[in-house]
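**Q** Quick one: the structure is below, and I'll ask about it shortly.
Every read-out reported here was derived from the displayed coordinates using simple, explicitly stated rules and does not represent laboratory data. What you are looking at is a predicted structure, and each value in this text was computed from that prediction instead of being measured. No Cβ is skipped: glycine too gets one built from the backbone with ideal geometry, and neighbour counts run over all protein chains shown.
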Amino acid sequence: MPSPFSMLAWIGMAVLLGAYFRRETLPPMTYAALNLVAGLLIAPVCWEQRAWPPFALQLAWAAIAVRDLVRAMRAPRPSTQADTD
């Protein structure tokens, strides 16, 4: 039976691939959040297996996602008709 970390990593991989294939249609904040979740789900199995290069990659991936989330939250939102009424 696979370890719980391994099962989470498979879910993380599915999230990562799903986000990648929908990257042009997802809002930037959603895309960044999915990348963050994927990195955080994949990293523990890398740690458990002592696979340090992919572990470092997942931490970097998660850090990039956090940066993108912060940028998306700071970006000015386009005004809508309801805002001007």
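**Q** [x] 14.0; [y] 13.0; [z] 17.1: which one is Kirkwood radius over Cα pairs in Å as calculated from this entry?
**A** Matching the structure shown: [x].
**Q** Place +1 on the Cβ of every Lys and Arg and -1 on the Cβ of every Asp and Glu in the chain, take the dipole about the Cα centre, and give the residue among GLN49, MET7, PRO28 whose Cα lies farthest towards its positive end.
**A** So the residue we want is GLN49.
**Q** Continuing with the same structure: Using helices alone, I'd like the mean residue ellipticity at 222 nm for the chain: each DSSP H run of four-plus residues gives -39500 (n - 2.57), total over residue count, nearest 500.
**A** Working: 4 runs with 66 residues, N = 85.
Mean residue ellipticity, 222 nm, calculated: -26000 deg cm²/dmol.
**Q** Here is a further query. Please work out whether the range 12-51 counts as rounded, prolate or oblate from its C-alpha gyration tensor, where a ≥ b ≥ c are the square roots of the eigenvalues and a/c under 1.5 means rounded, while otherwise a/b larger than b/c means prolate and anything else oblate?
**A** Taking the square roots of the gyration eigenvalues as a ≥ b ≥ c, the range 12-51 is prolate.
**Q** Mean Kyte-Doolittle of at least -1.0 plus a Cα span of 27 Å or more along the axis: flag which DSSP H helices in the chain meet both, please.
**A** 28-48, 52-74
**Q** Work out the length of the dipole vector of the chain about its Cα centre, built from +1 on the beta-carbon of each Lys and Arg and -1 on the beta-carbon of each Asp and Glu, and round it to the nearest 20 debye.
**A** Working: 7 positive and 5 negative charges, 40 e Å.
Using only the charged Cβ atoms, the result is roughly 200 debye.
**Q** Using 0.36 nm per residue, how much length does the chain from ALA14 to GLN49 gain when fully extended, once their Cα-Cα distance is taken away?
**A** Once the chain is fully extended between ALA14 and GLN49, it gains 10.6 nm.
**Q** Take the alpha carbon gyration tensor of the range 27-74, find the square roots of its eigenvalues, order them as a ≥ b ≥ c, and report rounded if a/c is under 1.5; if not, report prolate when a/b exceeds b/c, else oblate.
**A** Prolate shape, in that a/c is at least 1.5 and a/b is the bigger ratio.
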